[in-house]
Amino acid sequence: MPDNALFAAAKAGTLNGGGLKKEVERMLADSRINRFIDDFSRQWLQLHRVGMFPPDKKLYPGYDRWLEMSLRAEPVEFFREMLVKNLPMDGFIDSDWTMANSRLCDFYGLPEPATSGFQRVALQPGDHRGGLLTMGASLGLTSDGTRHRPVHRGVWLSEVILGKTPPPPPANVPAIEPNPPTSAKASLRDKLEAHRSDANCAACHARIDPLGLAWENYDAIGQWRTRENVAAGTGENPLVNPAGLMPDGRAFKDANEFKRLLIGDRDKFVQAFIEHLCTYGLRRVLTVDDQEDLKAIEAEAKQNNYGVRNIVQAVALSNLMRKR
Amino acid sequence: MNYLSQSWLIDRRHAFKALGTFIALPMLECMIPLRAGAEETATAAPRRSAFIYLANGVHSLNYQITTTGKNYQFSRSLKPLEKHRSVITPISGLHHPGSLSHHHNCINVWLTGGKLGPSDKNTISVDQKMAEITAQHTRFPSLEVAITQDSLAWTADGVRLPAMRRCSKIFAPMFAGPKGGIAAQRRALRRKGSVLDDNLAEVRRLGKQMGSGDKGRMEQYLTSVREAEIRTRRADAWLDTPLPAVSETDRKRVDRDIADTMAGDYFRTVYDLMVLAFQTDVTRVATFSLGGEGQAIAIPEIGITESRHQLSHHGGDMGYMEKLTNYDKFAIEQFSYFLTRLSETRDLGGKPLLGSTMALFGSGMSYGHSHGNANLPLVLAGGSDLGLKHGQHLDFNRQAKDFQGYALDADGALTTAHYQLCSRPANPDAYLSNLLLLMAQRMGVETDTFGDSNKVVAL
């Protein structure tokens, strides 16, 4: 429900041009913007999936409800910081800081923060964190309770960061038979690749899987690792392999290089972010008729050095929103 | 509601104003006004249906019945149902085409036969389709229970109905009367009624300014409002009908809270509540999810401390496969208990409940490790008074043209090649919706189709 000031402005006929801009400014500064921050970030990042398959207690004894709540809050707090400080979009992909409470600092191996509650903490390269993609919530929300799922991670990244929903698998996929427990330990990636021998599957999976395999250094709840814990089989736990090829052929050797490639494609994820914002604001899917309006918002985003707050502002003031 | 269409040339603020008194529009149920049409149905015996969902499929190698016809042999997991042989039909080879390769989303369309694409909306579930005609006779249109996660029931608008979990909370509205007394409840209902009236008046005024494109949507909205109105009035009318009498023994058995570490007690008590609800005719339709796809509970009493989902991804581990089999057998034992209770208990007309109650037990998945959504494990029981003829293994795999027989080793045990059958339907036309259609028809729903049905299962 619009508030009295907004009704008054509308009645006075000043809800356009500079007057509209002023009202958007006012609303962005109002504490009620937190409702947007909480709600949009949850929907955009699919945070309702965090804990959907509760991690197995034996495999992840450190996982508890407080951790889960903290994990779910981190990206929301991160988005709040990005918006309030009008930080450039690249921060979503990589950053040398995050928002954490003491439970998360403990989980990520960061120094204990001075005060309680969520706060901005600095990250070092050795922490293997930074941006949304290496947060425990993003890495864990696609897991199934016992293991990480690279393909699901790829689909999530494609939807959230690139704004593209891959087609669902065809209905006639043959069943995967379990590996006999007496064979040598194989990483999930090896098993996936064995099942990708079918050319029909490979066509789609070549586009999805690399987006998920870049995060092999993180386990089902997002903890850093260099070897994958494999329950069944003989021999040593296999080393993880986070290298891969982007669908367009560019190679990356790990998560950091992958992030750098994404930042090189800034236009793509800025465009996707704007689309997510518009879908949220308009409550409908975007169509080809909206392209011109979206392009205008993108152009403005670029002009403002991709500041998150500027982008939200541009969306609010856009033609799309005004002729809704 | 669609505020977005170009042809709707009314002030956008009307919509905002309406938000203040916006009515949550939950279940789409019966359109028949209270007690209308009661003349022709009053004498007809009640018909009932229950649906029980087991998440994550089963350990199919120990579940699948490989013999067919009347003299079929029970599999290890289904053994607990042997004593009910004459009143059950295990069914093999059905699937929902819309859920193939959609993993755990299968639970969402198990009773609807809907589609799961990114732009698809779910459709009405068969229990709610049934409730449309039974609701006029009972205090509650339907009962939705889920031990964890969501219910199995969906409205015609594709909205999921909320689930109840705690046994005392299930018991209270059916048998203990409204909190705060009848007068307070009536006041609340009347207030709701007046909110509906206000909204309707406003909406009708707007209707005059609307183009034809919007009128369709507005009709849909009005339908929902009218249903909410009927439901409110019906609840009001039921307030004066005395609550069914429940014996002290029954009350003690079901009006309590059970920790989910006591899985067997929990399952049986929900079954008891369903029996009690059918017996007293509080409702005629019930769904029961033994747990959602992600969080189906462990069963410590038989040594299972893992979640069912974890067991289902056994990766060939012998211990896990054994535990999964034991879990299947345990859940089927409790279902067998339900059937026993139904056969022992008589309804208000003095007839055993089992004859007038169809109970469908099953899953939307068959082979959990690889998310196989074909060859679904299903058992249909009861309903002999409604014309169901039981006693055989109804096998749609065998009816398939190219079916080569089950993949058996030298000892007659199923081999892992069987998993293929659980992922790709042998019989591409054998839809689960065809069975749901049969059940709907036997409940008295007058329809030739349900969901994506292509014919009706003969039984």
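Quick notes
- Only beta bridges with both residues in the protein assembly as shown are counted; by DSSP, about 55 percent of them are antiparallel.
- Å³ per residue enclosed by the Cα convex hull of the stretch B:178-242: 69 Å³
- For A:TRP215, B:TRP110, order by how many other beta-carbon atoms lie within 10 Å, fewest first: A:TRP215, B:TRP110
- Within chain A, helix-based [θ] at 222 nm, where runs of 4 or more DSSP H residues each add -39,500 (n - 2.57), nearest 500: -14500 deg cm²/dmol
- Shown for chain A are no DSSP H helices, since none reaches 27 Å along its axis, judged by Cα atoms, with a mean Kyte-Doolittle hydropathy of at least 1.6.
- Summary value for the stretch A:46-264: 20 percent relative contact order, contacts being C-alpha pairs under 8 angstrom separated by 6+ residues.
- As a rough footprinting exposure proxy, the listed residues B:LYS323, B:LYS401 were ranked by other beta carbons within 10 Å of their own, and the order from fewest upward is B:LYS401, B:LYS323.
- Taking amide hydrogens as placed 1.01 Å from N in the peptide plane, the amide H of B:ILE304 sits under 5 Å from those of B:ILE299, each at least 5 positions away in sequence or on another chain.
- Here the protein assembly as shown is treated as a sphere whose radius is the Kirkwood value from Cα pairs; by Stokes-Einstein at 25 °C and 0.890 mPa s it diffuses with a coefficient of 85 µm²/s.
- Counting neighbouring beta carbons within 10 Å and listing from fewest to most, the residues B:SER289, B:SER119 come out as B:SER119, B:SER289.
- Remark: relative contact order (chain B) = 30 percent; criterion is Cα-Cα distance under 8 angstrom and separation of 6 or more residues.
- 25 Å Cα-Cα threshold exceeded, pairs from A:LYS164/B:LYS121; B:LYS83/B:LYS252; B:LYS129/B:LYS389; A:LYS323/B:LYS208; A:LYS323/B:LYS192: B:LYS83/B:LYS252; A:LYS323/B:LYS192
- Partner aspartates and glutamates for B:LYS401 [C-alpha distance under 18 Å; skip if fewer than 8 residues away on the same chain]: B:ASP429
- Average Cα contact separation per residue, the stretch A:267-324, under 8 Å, 6 or more apart, as relative contact order %: 39 percent
- Neighbourhood charge, 14 Å Cβ-Cβ cut-off, centred on A:CYS105 and excluding it, Lys, Arg +1 and Asp, Glu -1: -2
Every number here is computed from the coordinates shown, using simple stated rules; none is lab data. The structure presented is a predicted model; accordingly, all values stated were derived computationally and were not measured. All Cβ positions, even for glycine, are placed from backbone atoms using ideal geometry, and neighbour counts span all protein chains on display.
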